[in-house]
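Throughout, read-outs are computed from the coordinates displayed, never taken from laboratory work. What you see is a predicted model; the values in this text were computed from it and never measured. Cβ placement follows ideal geometry from the backbone for every residue including glycine, while neighbour counts extend to all protein chains displayed.
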Amino acid sequence: MLTDLAIRKLKTPEKPTKIYMGKGLFLLHTPAGGKLWRFKYRYAGKEKVLAIGTYPQKMVKKACDDRDAARKLLDAGIDPGQERKIEKTAAIRSALNTFEAVGRLWFEGNRSNWVESHAKKIISQLERDVFPYLGKRPIADITPADVLEALGKIRDRGDESLGHKGRGLHETARRAFGNCGMIFRFAVKKNLIKSDPTRDLKGDFPKMAPKHFAAITNPEEIGQLMRAIEGYNGSMIVRAALKLSALFFARPGEIRHSRWEHVDLDAGVFQFWVSKRVKSRDEPILHVVPLCHQAIAILRELHNFTGAGEYVFPSARSFARPMSNNAVLAAIRAMGFGKETMTAHGFRAMALTRLRETLKVPVEVVEKQLTHAVPDMNGTAYNRTQFLDDRRRMMQEWADYLDGLKNGNIRLGKVA
């Protein structure tokens, strides 16, 4: 049997030459200088040849070990050539069924159910926090411990402090965990895995107690805020966004991404895509805001400046993009309201508090305007009633109430 040293010293032959190593193994030496390991065997009465590598990538001892492994398969009644094909097929399938590949299939299958901003957040989070750790792994090989280790890296970065950054990282880990669970359950339905490895880890990623956005709710302070907004000397577009944030009390992103195609000033209707999905609703929601007289006047004036574009509140740099997500918040700070006093999201809490406590509007009407889930009479299913007439009356009453506070005509909820 040739040694590695002897093989290295072989002279290139003029024609293909077989050098037998015993027990079916031989080295095929080609005129081009190639040295190819082959294993000759018989299976079901037929002579076959199996390629098992090249020299020197595979040295003599490894080639002999591979030959012996193939002979063991033969002794067990298995064709080593067919077994090799099965292994290759499994490897290819495994490569196509990595966590990232399956995750992207799940994402593409669901993105039409999400508003654009929500879809971008999901895929960005997966690409940033999950795929680097689990993406290249075959999804069928991932264990609960693997998930815990990968997502624990995010969570642990937030455990040193429960300040803003710490809470944010904890919530990031929890949401990544939820998305991973949905990907694994998608794989179960596609018969790629037998069970969801996140099933037993729910206690490791609990939802933290909510941290409420700072909001002004005192009537006198609301009046001060409304007067500050009226006197805001920055961008006219930002001032309009501030006014309508108070009148609509929608989420900041819903205001920023609103489009003129969804505004009908003659019908008194303003619509926007709800940025936060309601659990019992799978499809995106185009929410209807009945317009009060004050809102119509603001929008008519604004239309003269931005009506030719797509967005109601375009960016200061380009009308092709929505306004910056910090524009309203920066204006609130510029008017002298600190982060512990008021936020862009705080207009929602401001309206909820005064509509319930002062104006005595029924809770289901307020919650509907906030695009929260409204229980039905049994307190369970999502109530699809629009309460449109009730909300139209409420929105006008709310606008008049804000004007009264701004002008100093209302104290403690009563007309002076």
Of the listed pairs 23/46; 9/46; 9/85; 121/360; 9/72, those with alpha carbons more than 26 Å apart are 9/46; 9/85; 121/360; 9/72
With each label point set 7 Å from Cα along the Cα-Cβ vector, what nm distance links residue 403 and residue 62? 8.4
Calculate the length of the line joining the C-alpha centroid of region 1-30 to that of region 120-139, in whole Å. 48
GNM result for the chain, Cα springs below 10 Å: residue of 355, 74, 265 fluctuating most strongly: 74
Per-residue Cβ neighbour rank within 10 angstrom, fewest leading, 3, 341, 306: 3, 341, 306
With a 10 Å Cβ neighbour count serving as the proxy for reagent exposure, in which order, fewest first, do 10, 388, 244 appear? 388, 10, 244
The chain - charge dipole about Cα centre, Lys and Arg +1 at Cβ, Asp and Glu -1, debye rounded to 20: 2280
List the lysines whose Cα lies under 20 Å from the Cα of residue 243, skipping any in the same chain that are fewer than 8 positions away. 339, 406
Between region 230-247 and region 55-80, what is the C-alpha centre distance in whole Å? 77
So for 368, 406, 62, fewest C-beta neighbours within 10 Å to most, what's the order? 62, 406, 368
Dipole moment magnitude, nearest 20 debye, region 219-415 about Cα centre, only Lys, Arg, Asp, Glu C-beta charged: 460
Among residues other than residue 336 whose Cβ falls under 15 Å from its Cβ, what is the net charge (Lys/Arg +1, Asp/Glu -1)? 0
Between the residues 191, 103, 353, the Cα farthest towards the positive end of the dipole of the chain, that dipole coming from +1 and -1 charges on the beta-carbon of Lys, Arg, Asp and Glu, is from 191
Placing +1 on each Lys and Arg Cβ and -1 on each Asp and Glu Cβ in the chain, then taking the dipole about the Cα centre, the residue among 404, 328, 119 whose Cα reaches farthest towards the positive end is 119
Let me check against my output: what whole-number percent is the relative contact order of the chain, with C-alpha pairs under 8 Å and at least 6 apart? 12
Which of [x] 32, 62, 6, 0; [y] 20, 37, 21, 13, 9, 0; [z] 23, 45, 18, 7, 5, 2, 0, 0 is the computed P(r) over Cα pairs in 20 Å bins from 0, in percent for the structure on display? [y]
In nm, to one decimal, how far is the residue 333 label point from the residue 32 one, both placed 7 Å along Cα→Cβ? 6.6
Hey, how much of the P(r) for region 99-204 falls beyond 23 Å, as a percent of Cα pairs? 25
To the nearest 0.05, the calculated FRET efficiency linking residue 19 and residue 200 through their beta-carbon distance, R0 being 41 Å, is 0.15
